[in-house]
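Q: To start, I am sharing the structure in question, which I have written as structure tokens.
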Amino acid sequence: MKKFCAKVHLWLSIPFGIIIAIVCLTGAILVFETEIKELCHPSHYFVKEVKGEPLPPAALIKAARQQLPDSIRINGIRIPSDPKRTWQLVLPGKGATVFIDPYTAEITGMSDGKGFFMQVMRLHRWLLDSYKRDGSFSLGKNVVGYATLALVFILISGLVIWYPRNRKVLKNRLKINTKSGWRRFFYDLHVSGGFYAMLLLLVMALTGLTWSFGWYRNTFYAVFGVETAQMQGHAPAATTKPVAKGEAPHREGNRERNKKRTDYRQWAEVLSTLQSQYPTYNSITIQDGSATVSTANYGNTRGSDRYTFDPATGEITETQLYKDLPKSGKIRGWIYSVHAGTWGGITTKILSCLACFLGTVFVITGYYFWLKKKFRRKK
């Protein structure tokens, strides 16, 4: 059995090793994307001085329009709970943001969502290939997918090879010797370090595959009791405020009002209402007719409560609480949180980053011993 697993381990690692190293290294970088951005550009994320109460959203958006080109459209505003942080104006496009000081209305920075970390993400998921929104064939996506699938078998076969015959061998397999030269250190790092990192790498690989293959995603959902049809057609159950007698339904009224210019003055009313309901929260995002409250620091960190409001009055008309969603409304967020290592806070982020970095090291040390053995045979 060990001989067979050794062959599987070797002959999957040789062709896919470089891709696995790229995916692991970029994954290690992406784990701390937010922290690195805040460290490199503190003025984007933190205000110089807290000056009384923040300006209302309408005033901030009006001031931002005077500072931004007319071609830039503002879709919403994101308000953090920390008074020392800047607010963010949400622009069209994934990750496009304008940072604004809520006390002075000064724009402190801007991101188009296409910077360094977007390229790292593209390398991580598609090997810099273009993202196919229509679901058509993507070479980069498939190569990453098959490399990740190979990583699953590499990790499992590696565990079988690692499994010791007795307790004496187990003791040696659990420690990394740093006093017997570099070759011994690299060997122990590959063998013993691989054992310690295997579980996290396996979990990240199994969750990551849901973005690569539809057949795997459907199977993954089925294992957790989520039907694919339910995933595709799911509309979260909403708690709707009763409509008074003789009053027109809010939803139809919203459609008509949304055709008009957005009245940002009502966003202050929505913000005040939600802040009174949530003594603690991470951020509140308000867009025309809808608002999202993010509160989770652990578990599904993408879980949020969603609200619909009347743009004309700021009155909340519908509520969709995360806790009331079925499994189909939660599983995507859980997959991302587990894959990115955010589910357990800073501890799991550090462990996930370390495991990803070691994944790259294992590839390098694996190639090193394979080439060394190959050249030794030729001599």
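Q: For the stretch 10-33, state whether one or more residues are open to solvent by 70 Å² or more (accessible area, probe 1.4 Å) and assigned to a loop (DSSP other than H, G, I, E, B).
A: Checked against the condition, which is being open to solvent by 70 Å² or more (accessible area, probe 1.4 Å) and assigned to a loop (DSSP other than H, G, I, E, B), the stretch 10-33 yields no hits at all.
Q: Pairs, please: C-beta under 6 Å, at least 6 apart or cross-chain, first residue within 21 Å of PHE153 (Cβ to Cβ) and in the stretch 341-366, second modelled with pLDDT of 95 or more and of a type in the set (Ser, Thr, Tyr)?
A: Qualifying pairs under 6 Å: GLY366/SER13.
Residue by residue, here is whether (1) assigned to a helix (DSSP H, G or I); (2) open to solvent by less than 80 Å² (accessible area, probe 1.4 Å) holds:
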position: ILE36; (1), (2): yes, yes
position: GLU49; (1), (2): no, no
position: ALA58; (1), (2): yes, yes
position: LYS62; (1), (2): yes, no
position: GLN66; (1), (2): yes, no
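Q: Next question. Scan the stretch 208-240 residue by residue and report those that are at pLDDT 85 or above, among the β-branched types (Val, Ile, Thr), under 19 Å from GLY135 (Cα atoms) and open to solvent by less than 60 Å² (accessible area, probe 1.4 Å).
A: Selection gives THR210 alone.
Q: Run down ARG167, ARG183 and say which single residue is within 22 Å of LEU10 (Cα to Cα), without any contact (Cβ under 8 Å) to a residue 24 or more places away in the chain and loosely packed, with under 14 Cβ neighbours inside 10 Å.
A: ARG183
One line per residue, one yes/no per condition, for (1) among the hydroxyl-bearing types (Ser, Thr, Tyr); (2) touching an Asp or Glu at 6+ places or on another chain (Cβ under 8 Å):
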residue	(1), (2)
THR285	yes, no
THR301	yes, no
ARG306	no, no
THR313	yes, yes
PRO326	no, no
HIS339	no, no
THR342	yes, no
ILE346	no, no
LYS349	no, no
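Q: Out of the stretch 122-148, which residues are in contact with a Phe, Trp or Tyr (Cβ under 8 Å, 6 or more places away or on another chain) and either open to solvent by 60 Å² or more (accessible area, probe 1.4 Å) or assigned to a helix (DSSP H, G or I) (or both)? Show your work before the answer.
A: Kept after step one, since they are in contact with a Phe, Trp or Tyr (Cβ under 8 Å, 6 or more places away or on another chain), are these residues of the stretch 122-148: 122, 125, 138, 140-141, 144-147.
Selection gives ARG122, ARG125, GLY140, LYS141, VAL144, GLY145, TYR146, ALA147.
Q: Looking at the stretch 73-107 only, could you name the residues that are in a strand (DSSP E or B), under 17 Å from GLY289 (Cβ atoms) and open to solvent by 40 Å² or more (accessible area, probe 1.4 Å)?
A: Correct list: ARG78 only.
Q: Looking at the stretch 311-324, which of its residues are buried (at least 19 other Cβ atoms within 10 Å of the Cβ), at pLDDT 95 or above and not polar (S, T, N, Q)?
A: Listed by number, the list holds a single entry, TYR322.
The values are calculated or read from the model by the stated rules, or taken from the named source; none is laboratory data. Since the structure is predicted, the reported quantities are computational estimates derived from the model, not experimental observations. Here the Cβ is made from the backbone with ideal geometry for all residues, glycine too, and neighbour counts use every protein chain on show. Just the protein is used for accessible areas: all its heavy atoms, side chains included, with ligands, DNA and RNA removed. Shrake-Rupley method; radii C 1.70, N 1.55, O 1.52, S 1.80 Å.
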